[in-house]
Amino acid sequence: MEEILKIEHLVKDFGNNKVLKDIDFSVNKGDVISIIGSSGSGKSTLLRCINMLEDATGGSILYHGKDILKGEVNEDAYRTRVGMVFQSFNLFNNYTVLDNCILGQTHALKRNKTEAKAKAMQYLTKVGMDQYINAKPRQLSGGQKQRVAIARALSMDPEVLLFDEPTSALDPEMVGEVLDVMSNLARTGMTMLVVTHEMAFARDISSRVMFMSDGKIEEEGSPKEIFYNPKSERTKEFLSRFTNG
Amino acid sequence: MTLAEMNFFQRMLYILERYSGSLLRGAATTMAIAIICTALGCVIGFAVGLVQTIEPKKKDGLFKRGLLKVVKAILTAYVEVFRGTPMMLQAAFIYYGASSLFNINLGMWTAAIIIVSINTGAYMAETVRGGILSVDPGQKEGARAIGLSQSQSMMLVILPQALRNVMPQIGNNLIINIKDTCVLSIIGTVELFFTFRSISGALYTYFEAATITMIIYFILTFACSRILRWVESKMDGPSNFDLATTDMLAFTSGLTKYDEKKGGTH
Ligand SMILES: Nc1ncnc2c1ncn2[C@@H]1O[C@H](COP(=O)(O)OP(=O)(O)OP(=O)(O)O)[C@@H](O)[C@H]1O
Ligand SMILES: [Mg+2]
């Protein structure tokens, strides 16, 4: 199995608030890892450290064996390989849907315009947004925006995609369309790291589930192990809130 | 008929007949200075405002941090001084200062353009800083997350949105500049206000000359504000969009083919 990312002893402090405490795990090609855990447990911070939007305080993040925290990989080139989808979409407001999916390709990957357009169309079609290429982000619904954001990330042909609660900002009726797109991606072998509160997605789609609590990975295992046979009391307590609520 | 025997409208007509050329030249000078200086002021304002928003990175060494601090302090001083003193005095200060201290004789045009530009720049700097800060930080994160560099994110994503944010202020500055070029008459720039003074001085018809000049100023500023509104709406793009059709998709996508059976979704 090809190892893409290896996170070792990752630590992140905000001042004297220790948010990540000694995180260890690796991401192999084809993994679909769901990260669950209560609010404030450090899930977003973990993804942001992996994408280098936050500077980690200590530890290492190895990308194919090279430590990105030591500057062994070019930061921008690394980000084209490890994409991110945000809870708040973060589509470029000043560009159309199509240009949102082209901009990174032509400027970061130096692809030519024709190739970039073709690639953008391919993924916009995949997420069912090909008819909306001329729209600006403000003209779209939340679910549509998130599908475009996924197409934008895919257009870079990344090795890994990080999702930070991609459906949390959506109206309930739009959650399904985004989860469908993500499930399709998972089935086609995309390597994904998904922070989510959608327990059904974590249970049915992911290959591994990590439960985070208080800045640590409290428990990690297959969806079956985590959901039907959790070992840690904290995991049990967290999951019971979902089954009873 | 002498000027004294004429009524108000006859005097206005008389002025227009005799001085329409000067008035037009004055108006053109005023507009040229206002437009050039607003543009240059925007360039200065964007440069200064951009630097003001740079935050030192953790990795930066002491020298880089120190340098940034010094540059920011100088720029802040520039902004405060030029916003805090009358432009008329700045004009005298720079124009006469250059000639008596450095023996440089700035031409009237050069002096006029320098003064109004750096003055506009001082106002624009603060506006631009605000305009950049008011762009949602998520925009930058979205750009960085797909691998755009710091400067690409700035140039392609943040600044265009900041520019849109400050468009009303750019318009405001243009209008202010159209009116405020009148202070340049202190260094002898023959703009619209200077023309007014020449006419009223020659004919002693202050009221009529003022009326005509005011109307011209108003036409200039009103036209500019309308044009800028139009530019703003162009920048926003159409309020609705067309769903792409089969033909358009084939055209825009170039290589990919639109699958009719699958339709628009999935
Ligand atoms: N920029 C920051 N500065 C200071 N503290 C921060 C910052 N970002 C996050 N934190 C703190 O880090 C902790 C973990 O935050 P994080 O956003 O990673 O949690 P989360 O697990 O993603 O929660 P949620 O499920 O609500 O999104 C919180 O206590 C938060 O207050
Ligand atoms: Mg979060």
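The values are calculated or read from the model by the stated rules, or taken from the named source; none is laboratory data. Note that the coordinates shown come from a computational prediction; the quantities given were computed from them, not determined experimentally. Neighbour counts are summed over all protein chains in view; Cβ atoms, including those assigned to glycine, are modelled from backbone coordinates with ideal geometry. Heavy atoms of the whole protein, side chains included, go into the accessibility calculation; ligands, DNA and RNA do not. Shrake-Rupley method; radii C 1.70, N 1.55, O 1.52, S 1.80 Å.
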Every residue in the range B:48-57 that is surrounded by 10 or more Cβ atoms within 10 Å (Cβ to Cβ) and either of a type in the set (S, T, N, Q) or free of Cβ contacts under 8 Å to residues at least 60 places away in the same chain (or both), please. B:VAL51, B:GLN52, B:THR53, B:ILE54, B:PRO56, B:LYS57
Would you mind listing the strands (runs of 3 or more DSSP E) fully within the range A:20-90 where at least 1 residues are under 26 Å from A:GLY142 (Cα atoms)? A:32-37, A:82-85
Close pairs from the range A:28-53: first open to solvent by 10 Å² or more (accessible area, probe 1.4 Å), partner within 12 Å of ligand 1 (Cβ to nearest atom) and aromatic (Phe, Trp, Tyr), Cβ under 9 Å, at least 6 apart: A:SER38/A:PHE238; A:THR45/A:PHE14
Show the residue pairs that are 6+ apart or on different chains and have beta-carbon atoms under 6 Å apart, the first residue being within the range A:65-94 and under 17 Å from A:ASN28 (Cα atoms), the second being open to solvent by 60 Å² or more (accessible area, probe 1.4 Å). A:LYS66/A:GLU72
Listed by first then second residue, the pairs whose first member lies in the range A:163-180 and is under 9 Å from A:PHE86 (Cβ atoms), whose partner is away from ligand 1 (no atom under 16 Å from the Cβ) and not in a helix (DSSP H, G or I), with beta carbons under 8 Å and at least 6 positions apart or on separate chains, are A:PHE163/A:MET192
Checking B:ASP60 against (1) at pLDDT 85 or above; (2) surrounded by 13 or more Cβ atoms within 10 Å (Cβ to Cβ): exactly one of these is not met. Which one? (1)
Evaluation of A:HIS64 against (1) more than 9 Å from chain B (Cβ to nearest Cβ); (2) at positive phi; (3) within 16 Å of ligand 1 (Cβ to nearest atom) (one fails), failing number: (3)
For the range A:35-50, enumerate the residues that are under 20 Å from A:SER222 (Cβ atoms), more than 8 Å from ligand 1 (Cβ to nearest atom) and within 12 Å of the chain's Cα centre (by Cα). A:ILE35
Going through the range A:74-125 in order, the residues found to be crowded, with 22+ Cβ neighbours inside 10 Å and within 16 Å of ligand 1 (Cβ to nearest atom) are A:MET84, A:VAL85, A:PHE86, A:PHE89, A:ASN90
Pairs needed: first member in the range A:183-210, free of Cβ contacts under 8 Å to residues at least 24 places away in the same chain; second member anywhere, assigned to a loop (DSSP other than H, G, I, E, B); C-beta distance under 7 Å; at least 6 residues apart or different chains. A:SER183/A:ILE205
Would you check which residues across the range A:111-128 are among the basic types (Lys, Arg) and within 22 Å of A:LEU179 (Cβ to Cβ) and list them? A:LYS126
Can you tell me which residue within the range A:159-203, out of those that are open to solvent by less than 20 Å² (accessible area, probe 1.4 Å) and not aliphatic (A, V, I, L, M), is nearest to ligand 1 (Cβ to nearest atom)? A:ASP164
Given the conditions (1) open to solvent by less than 10 Å² (accessible area, probe 1.4 Å); (2) within 16 Å of ligand 2 (Cβ to nearest atom); (3) more than 14 Å from chain B (Cβ to nearest Cβ), and given that A:ILE7 satisfies all but one, which numbered condition is not satisfied? (2)
Return the residues of the range A:112-165 that are touching a helix residue (DSSP H, G or I) at 6+ places or on another chain (Cβ under 6 Å) and not in a helix (DSSP H, G or I); say none if nothing qualifies. A:VAL127, A:MET129, A:ILE133, A:ALA135, A:SER155, A:MET156, A:PRO158, A:GLU159, A:LEU161, A:LEU162, A:ASP164
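Does the range A:152-168 hold any residues that are within 16 Å of ligand 2 (Cβ to nearest atom) and away from every other protein chain (no Cβ under 11 Å), and which are they?
Keep residues of the range A:152-168 that are within 16 Å of ligand 2 (Cβ to nearest atom), which gives A:162-168.
Hits for the range A:152-168 are A:PHE163, A:GLU165, A:PRO166, A:THR167, A:SER168.
May I ask you to verify whether A:THR106 is assigned to a helix (DSSP H, G or I) and touching a Ser or Thr at 6+ places or on another chain (Cβ under 8 Å)?
Numbers: assigned to a helix (DSSP H, G or I): yes; touching a Ser or Thr at 6+ places or on another chain (Cβ under 8 Å): no.
No.
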Out of A:ASP99, A:ASP24, A:ASP55, I need the residue that is of a type outside the set (A, V, I, L, M), away from ligand 2 (no atom under 16 Å from the Cβ) and facing chain B (nearest Cβ under 9 Å). Which one? A:ASP55
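Those residues that are more than 19 Å from A:LEU185 (Cβ to Cβ) and either touching a strand residue (DSSP E or B) at 6+ places or on another chain (Cβ under 9 Å) or more than 7 Å from every other protein chain (Cβ to nearest Cβ) (or both), I need them from the range A:102-131; list them, please. Outline the logic, then answer.
Looking only at the range A:102-131, we keep the residues that are more than 19 Å from A:LEU185 (Cβ to Cβ), and these are A:102-103, A:106-118, A:131.
Selection gives A:ILE102, A:THR106, A:LEU109, A:LYS110, A:ARG111, A:ASN112, A:LYS113, A:GLU115, A:ALA116.
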For the range B:138-152, does any single residue satisfy the condition of being more than 9 Å from chain A (Cβ to nearest Cβ) and at pLDDT 95 or above? no
